[in-house]
Ligand code: SF4
């Protein structure tokens, strides 16, 4: 059972961070208000203006380097080492902002997420990553399982009787063929548990756009190649995947 002290600590951390965020936003608002309504341009006025300008410039610079690094990596199909930090920050920090913009301009969010997965896959593939099969984790969603099947494969995929009625069978075949680790997850919590248990150096994940994007962001800095699932029966029901795309992703990591 979870320790009460740990629960309190977690709450304190969240409330503390929330407090700091509010304080930063509050300070920013006061500074802007002061700049707009201050009657005279005192030395304090100039310092506040300078600090705001430096802060804004730093954010723009970080975003600019990050974006330039992403574009250069994709164009050259090779990693651009000096910009790795800003690229990671740009990709992870600004993604929620991109989603907000998407909502404002009424762009299909799945389309934006597919684009994010594509960019992420390109960035991962531009790197030279060669690992042993046991260091690779294949994460699959439980909705691959035939809904009529009574065997509980989440938590333990070996409960599958391999009748061939769904692609859980193919996942087990891949595990045998390549010697990789496999986890079947019902959501982010179980996926994170597999990552903690297996400590993989790379991940290949099958999921819908929403789960893949959050998984890629969650797993950072572990490189993840995302394979979007196929949904011939609608979302979360008897889904499937492209075996060709999945094997390409596995081959990338283990050669
Ligand atoms: S292959 Fe057969 S036994 Fe295994 S999960 Fe699918 S339906 Fe169930």
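Here, each number is a calculation from the coordinates, and none is a lab measurement. Keep in mind it's a predicted model, so treat the numbers as computed, not measured. Cβ placement follows ideal geometry from the backbone for every residue including glycine, while neighbour counts extend to all protein chains displayed.
Odds and ends about this structure:
- Taking all Cα pairs closer than 8 Å and separated by 6 or more residues, the relative contact order of the chain comes to 17 percent.
- Rounded to 10°, Cα long-axis angle of helix 109-125 versus longest principal axis of the chain: 80
- Packing rank of 130-138, 223-231, where each peptide gets the mean count of other beta carbons within 10 Å, highest leading: 223-231, 130-138
- The antiparallel fraction among DSSP beta bridges confined to region 125-254 stands at about 5%.
- Spacing of the two label points (7 Å from each Cα toward its C-beta) at residue 40 and residue 100, in nm: 3.7
- Its residues counted as N, region 158-255 yields a C-alpha radius of gyration over 2.2 N^0.38 Å of 1.04.
- At R0 = 41 Å, FRET efficiency that the Cβ-Cβ distance of residue 54 and residue 128 yields, to 0.05: 0.65
- Helix-derived mean residue ellipticity, 222 nm - over the chain, DSSP H n ≥ 4, -39500 (n - 2.57), to 500: -19500 deg cm²/dmol
- Counting DSSP beta bridges with both ends in the chain, the antiparallel % (nearest 5): 5
- Relative contact order computed over region 131-254 (Cα-Cα under 8 Å; 6+ residues apart), in percent: 32
- Region 4-124 has equivalent-ellipsoid semi-axes of 33, 23, 16 Å, by the square roots of 5 times the alpha carbon gyration tensor eigenvalues, sorted largest first.
- Per residue, the convex hull around the alpha carbon atoms of the chain comes to 177 Å³.
- Region 19-130: relative contact order in percent, alpha carbon pairs under 8 Å with at least 6 residues between: 23
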